[in-house]
Amino acid sequence: MSKYTEEGFNELLSSLTKEQNINSSNILQVIEILRSLTEGLIWAEQNNLNFFEAFESQDILSVCLKILRMEFDKEVTIQLLQSANLMIHNLRNDSHKEYLLRSEFYKEVLTHPFDFTDDEIIDNYMSLLKGLAVNVSIPQLRQYMLYNGFTLYTGAMMFFNYKEPLIRTASRTVVLRILSVDEESIDRFILDSGFFYNLVNHLKESIINIVRSTAASKTLGKLDLIIEEVVDLLYHFNDIFNIGREIFNRKLSDVLLKALILPILISSITENKLKPYHLPIPVSIYILSKFLYIFNYPSLVRTLVFLVFSPDLPKSYYEVIINPPNRDSPYLEESEETVKNPLNASIMSFLSCKEDNLLGLSMSLVQSALLNAMDIFLNCPTSESSQENYSQFVSLLGNVLMADEELRFFTCFLAGKLLFELSGKAFDTSLKLEREIVTNALYKKAGTVMNSLNNFYDPILFIRIFEDEWDFVKELLWDEKLELPLNYILPSVDERLMQIPLENRRPFGDDDLTRYEIRLFLLYRKLNYLIFPAEAPEGIDYNSCPLKALSTHFLEVGKSYHMNAGHLKGKQTTKTIVKGLTNSVRFIIDDPNFFILSQKSYDGSSLTIEYLVRYSRIQIQDRQEPNVMMVHIEQKTQLVLTFEDFSVWINLKNKIEKRIRECKENDVKLLRGFIQDTK
């Protein structure tokens, strides 16, 4: 009989009551009855039929509770959890949901001593908890919490830091939903439970895991996974802030400041005397940057930005830095008395150093702070004027751009990006200081690149590198936050072994160094035109590489042209046989700058272009065989050409060799002129 009829549903109810004493002979039947009852109940409500009255009158949830307490079989337990979750998830009638939420079954199922060593049990248990949290209204959730003594909260907290991400996420979703309930007794329970201290302590442990990983890492993969867990936890913090409950936001901010930010992170950065709980400076700066990037609770964010930029800070904050308070201390308040801010002093000191990691980390922290509150930087009360403070900072960025040391490209790009962002807020609208910095950096780097070109073993390879780097710099994003590469927080690593891209490491060898110098030259050129757009060459797209024009031709590869068309009319062609090609007869079209190989149509009226390459990009080589020429195209393609007549072969060979020399000379001359004009 169908479970979707009233008679069939009632029969299922009777069967469950009859079979509630489970044994090995009826276990499968009980599981199927539970599944069918759940499906029938949901279907009936969706189709405006009232099966729930019979379900309620026969007190089926009491039967389910009895079965739960028997703990006869894992599969029965899982079905009970699934049925409970499906009902709370799919039933829409408020009175039906409230009946479920008031039942002893839905109370006890959360505190039942399940076998939590079983992953399948955990999955279904957490699905039920999540269903109870998100599939009922806030008023229903409030009543359920009050009636059941906060068991939903305690159940979720068991898996708050669980190893499996899906379970961990489900647990945190439940907690967020509970925090959304505006009920004084629930709020007091959460505040008194130590939830926020435990949350911050877990964050501290996660940060310590980063420290352990940086000490042992020979690859970035494992470190990346550990940091991903920390970032995931920080986003959960931010989700709590985003709920908008000021009672919780103030508490979480206070605990973060008193238990982590001031006494551990900032103390680790600023204090000379090492304490047992101190962390490495790079990790501490990195985590502060993450706080500023992820958190958007204005009160905390502006406090953090103030701590980065202000030369002074309240003495009450300083006392927490040097002497961590206990968890029962009152809320942290800003005292009127101020002292010198050790964090600001340390950051300014790091920006003055030549240590690549500290430079990159400090600028990354500044970048995050500026993104949140540029006004605090521009208006910090200082012993000097705001303009002098700004100028000092800009000068430090200029020192990075002008550094004689081979700083990583990322470090230089970040300095340039900060300079570009600050130039839009400059006190001196003439940008005299910024102009001096960028002009000097560009002039210096242009000289370096010119010297590299003059001494490079293969000028044409240099040009190819130049074109590659032009494309790289052209794609750089100047309006997005730069994410600091993880090798900046590693204490001491051989970057050669870590497969780190050139932009995030120091150059290895002469070719790497040449590419690096070209990249910096083009970066500073771009920075110059971003800050001073009026100085871009008039009528010329400064984003378009001047060397690209050399490779432009009116003919196109893959297209066919009539022999009498304007592009080909009067052009001399030379017949050749190309080894390895189908229908191997081809024709070389005479051109002063390009090697052009084509195939003639069957009727001989048109030519299809197959290869079109500037002479400076090819090499020719003799073969032992007579009348044979080998053509190497951009070190990628090799063509073997045979000619019917020796005189044709030798004349063409001499002509091509001459054109190769001339094109190379012209290409190098053009590049030299471009670099010289930039200077």
statement: A correct Kirkwood calculation over the Cα atoms of the chain returns a hydrodynamic radius in Å of 31.7 Å
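What order do you get for LEU313, LEU65 when you list them from fewest to most C-beta neighbours inside 10 Å?
Lowest count first: LEU65, LEU313.
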statement: At the level of C-alpha centres, the distance separating the range 549-597 and the range 57-127, in angstrom, is 79 Å
- request: Once you have the Cα-Cα distance between ALA345 and ASP59, take 0.36 nm times their residue separation minus that, and quote the gain in nm to one decimal.
  value: 95.9 nm
- prompt: Sequence-distant or interchain residues sharing an amide H contact under 5 Å with THR338, placed H: which?
  reply: LYS315
- prompt: Restricting attention to the range 222-282, which trypsin sites (Lys or Arg not before Pro) occupy a DSSP loop and are surrounded by at most 14 other Cβ atoms within 10 Å?
  reply: LYS273
message: Classify the range 468-590 from the C-alpha gyration tensor, please: rounded if a/c falls under 1.5, else prolate or oblate depending on whether a/b exceeds b/c.
response: oblate
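Rounded to the nearest 500, what is the 222 nm mean residue ellipticity of the chain from helices alone, with -39500 (n - 2.57) per DSSP H run of 4+ residues and division by all residues?
-19000 deg cm²/dmol, from helical runs alone.
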message: Give the aspartates and glutamates reachable from LYS417 as a straight Cα distance under 15 Å; neighbours fewer than 8 places away on the same chain don't count.
response: GLU434, GLU475, ASP479, GLU480, GLU483, GLU503
- request: Report the dimensions of the range 315-397 along its three principal axes from the alpha-carbon atoms, largest first, rounded to Å.
  value: 43, 30, 22
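Decide, for the range 551-672, between rounded, prolate and oblate: order the square roots of the alpha carbon gyration tensor eigenvalues as a ≥ b ≥ c, take rounded if a/c falls under 1.5, and otherwise choose prolate if a/b is larger than b/c, else oblate.
oblate
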- line: Using eta = 1.002 mPa s and T = 20 °C, Stokes-Einstein with Kirkwood Rh from Cα pairs puts D for the range 195-378, in µm² s⁻¹, at 128 µm²/s
query: Can you pull out the trypsin sites (Lys or Arg not before Pro) in the range 300-409 that DSSP calls coil and that have at most 16 other Cβ atoms within 10 Å?
result: ARG327, LYS354
task: Multiply the residue separation of LEU225 and ARG188 by 0.36 nm, subtract the distance between their alpha-carbon atoms, and state the gained length in nm to one decimal.
output: 9.8 nm
- prompt: In the range 472-576, what is the count of Lys pairs whose alpha carbons are under 27 Å apart, counting only pairs at least 8 residues apart or on separate chains?
  reply: 10
- prompt: Calculated FRET efficiency, HIS202 and MET402, Cβ-Cβ r, R0 35 Å, to nearest 0.05?
  reply: 0.20
- request: Could you please state, rounded to a whole Å, how far the C-alpha centre of the range 218-239 is from the C-alpha centre of the range 434-457?
  value: 40 Å
- request: Please state, rounded to one decimal and in Å, the Kirkwood hydrodynamic radius that the range 384-544 gives when every pair of distinct Cα atoms enters the mean of 1/r.
  value: 16.9 Å
message: Can you return the aspartates and glutamates within cross-link range of LYS18? Criterion is Cα-Cα under 20 Å, with same-chain partners fewer than 8 residues away left out.
response: GLU6, GLU7, GLU32, GLU39, GLU53, GLU56, ASP59, GLU71, ASP73, GLU75
statement: Residue by residue through the range 194-204, the couplings from Karplus 6.51 cos²θ - 1.76 cosθ + 1.60 with θ = phi - 60°, in Hz, x for Gly and Pro, are x, 4, 6, 5, 5, 4, 5, 4, 5, 4, 4
query: How big is the gap, in Å, between the Cα center of the range 600-679 and the Cα center of the range 245-300?
result: 64 Å
- line: Under the rule rounded for a/c under 1.5, else prolate if a/b exceeds b/c, else oblate, using alpha carbon gyration tensor axes a ≥ b ≥ c, the range 428-498 is classed as oblate
message: Over 30 Å between Cα atoms: which of LYS636/LYS658; LYS273/LYS315; LYS290/LYS432 fall into that group?
response: LYS290/LYS432
Residue-span extension gain [PHE72 to GLU503] - 0.36 nm each, minus C-alpha spacing: 149.0 nm
- request: Would you mind computing, in nm to one decimal, how far apart the modelled labels at SER335 and HIS632 are, each placed 7 Å from Cα along Cα→Cβ?
  value: 7.4 nm
query: Tell me, what HN-Hα J-couplings in whole Hz come from the Karplus equation 6.51 cos²θ - 1.76 cosθ + 1.60 at θ = phi - 60° for each residue of the range 492-500, using x for Gly and Pro?
result: 7, 9, 8, 5, 5, 8, 10, 6, 8
field: Using θ = phi - 60° and Karplus 6.51 cos²θ - 1.76 cosθ + 1.60, couplings along the range 84-93 (whole Hz; Gly, Pro as x)
entry: 4, 5, 4, 5, 6, 7, 9, 6, 9, 5
Loop chymotrypsin sites (Phe, Trp or Tyr not before Pro), the range 581-632 (other Cβ atoms within 10 Å of the site Cβ: 16 or fewer; DSSP): TYR602
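Computed from the coordinates by the stated procedures, all read-outs in this text should not be read as laboratory data. Model, not experiment: these values are computed from the prediction. Ideal geometry is used to build each Cβ from the backbone, glycine not excepted, and the neighbour counts take in all protein chains shown.
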